[in-house]
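The values are calculated or read from the model by the stated rules, or taken from the named source; none is laboratory data. Worth saying up front: this structure is predicted, and the values here are computed from it rather than measured. Cβ atoms come from the backbone with ideal geometry, glycine included; neighbour counts cover every protein chain shown.
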Amino acid sequence: MNERIKNIRQYGKTAQGKNELLKHLSGQRLTLKQAVLAKCYDCSGYFSDGKHDCNMPHCSLHPFMAYNQNRVKRTFKKTMPGDHMEKMRAARF
């Protein structure tokens, strides 16, 4: 087993990104979100000092960091046209 994987399992805090980093190190594929979480976990020293914002606004991943209070969140909502909504309601009964 990889020495780095052993160290993460032994010393790494349970936080967002731990499982994703272990998955990456074992050769499995990650989604974009999983890759961001894994990189932040790795860069933050496995969150050994706690689950906090890294305070590195110059990092391109900082807006997506799990513990960033101002992280980019998807808040948009798709609106359905009224006529389509009526058709769906009519189809229910």
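In segment 42-59, the residue that is modelled with the lowest pLDDT out of those that are surrounded by 14 or more Cβ atoms within 10 Å (Cβ to Cβ) and on the phi > 0 side of the Ramachandran plot is PHE47.
With within 22 Å of TYR11 (Cβ to Cβ) and either modelled with pLDDT under 85 or under 11 Å from the mean Cα position of the chain (by Cα) (or both) as the only criterion, which of GLN34, GLN69, GLN28 stands out? Full working, then the answer.
Numbers: GLN69 fails: within 22 Å of TYR11 (Cβ to Cβ); GLN28 fails: either modelled with pLDDT under 85 or under 11 Å from the mean Cα position of the chain (by Cα) (or both).
Exactly one of GLN34, GLN69, GLN28 is within 22 Å of TYR11 (Cβ to Cβ) and either modelled with pLDDT under 85 or under 11 Å from the mean Cα position of the chain (by Cα) (or both), namely GLN34.
The residue that is farthest from GLY45 (Cα to Cα), counting only those in segment 7-23 that are modelled with pLDDT of 90 or more and surrounded by fewer than 18 Cβ atoms within 10 Å (Cβ to Cβ), is LYS23.
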